[in-house]
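*Asks:* Supplied in structure tokens, the structure appears directly below.
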Amino acid sequence: AGYFDGADLLIAADCTPFAYADFHRDFLAGKILIMFCPKLDSDIEGYIAKLSEIFTRHRIKSVTLVHMEVPCCSGVGYVFRQALKKAGIEIPAHEITISIQGQIKK
């Protein structure tokens, strides 16, 4: 998919747009969205493989990770880091955690 070439990616847990009201305005503009649930989706290895393939086939400019503060959402970062490791590359990343009250955690 050519739209990944030179893209800024937003990798988000699928619960974050519901918890953070300004998700689209604050995070999505100008980015390609990849969304999944590290708790409920059963094929985490499949996500790692797909992301790794995207990373090796396309020049990704940056990645923004958005997840909730709950323990299961740490899987978003895990999938990203494992995909980078598998691809054998580095991509600048910024991680944002959303509180259960719907605020960005500092």
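The values are calculated or read from the model by the stated rules, or taken from the named source; none is laboratory data. Since this is a predicted model, take the numbers as computed values, not measurements. All Cβ positions, even for glycine, are placed from backbone atoms using ideal geometry, and neighbour counts span all protein chains on display. SASA here: full protein model, heavy atoms, side chains in, ligands and nucleic acids out. Shrake-Rupley method; radii C 1.70, N 1.55, O 1.52, S 1.80 Å.
*Asks:* Among the residues of region 10-32, what is the count of those that are touching a Leu at 6+ places or on another chain (Cβ under 8 Å) and in contact (Cβ under 8 Å) with a residue 24 or more places away in the chain?
*Replies:* 6
*Asks:* Can I ask one more? Mind telling me which of the residues E45, E53 ends up being within 25 Å of A1 (Cα to Cα) and exposed (fewer than 13 other Cβ atoms within 10 Å of the Cβ)?
*Replies:* Result: E45 is the single residue among E45, E53 that is within 25 Å of A1 (Cα to Cα) and exposed (fewer than 13 other Cβ atoms within 10 Å of the Cβ).
*Asks:* Output yes when any residue across region 34-43 is modelled with pLDDT of 95 or more, touching a strand residue (DSSP E or B) at 6+ places or on another chain (Cβ under 7 Å), closer than 19 Å to E90 by Cα and aliphatic (A, V, I, L, M), and no when none is.
*Replies:* Checked against the condition, which is being modelled with pLDDT of 95 or more, touching a strand residue (DSSP E or B) at 6+ places or on another chain (Cβ under 7 Å), closer than 19 Å to E90 by Cα and aliphatic (A, V, I, L, M), region 34-43 yields at least one hit.
*Asks:* Another question, then. Identify the residue in region 56-76 that is touching a His at 6+ places or on another chain (Cβ under 9 Å) and open to solvent by less than 60 Å² (accessible area, probe 1.4 Å) and, among all such residues, is farthest from G2 (Cα to Cα).
*Replies:* Restricting to residues being touching a His at 6+ places or on another chain (Cβ under 9 Å) and open to solvent by less than 60 Å² (accessible area, probe 1.4 Å), the top hit is C73.
*Asks:* Looking at region 2-34, which of its residues are open to solvent by 60 Å² or more (accessible area, probe 1.4 Å) and in contact with a helix residue (DSSP H, G or I) (Cβ under 8 Å, 6 or more places away or on another chain)?
*Replies:* Matches in region 2-34: H24 only.
*Asks:* Can I ask one more? Are there any pairs with C-beta distances below 6 angstrom linking a residue in region 79-106 that is surrounded by fewer than 16 Cβ atoms within 10 Å (Cβ to Cβ) to a residue that is of a type in the set (F, W, Y), with the two at least 6 apart or on different chains, and if so which?
*Replies:* If the second residue must be of a type in the set (F, W, Y), the pairs left are I89/F55; G102/Y20.
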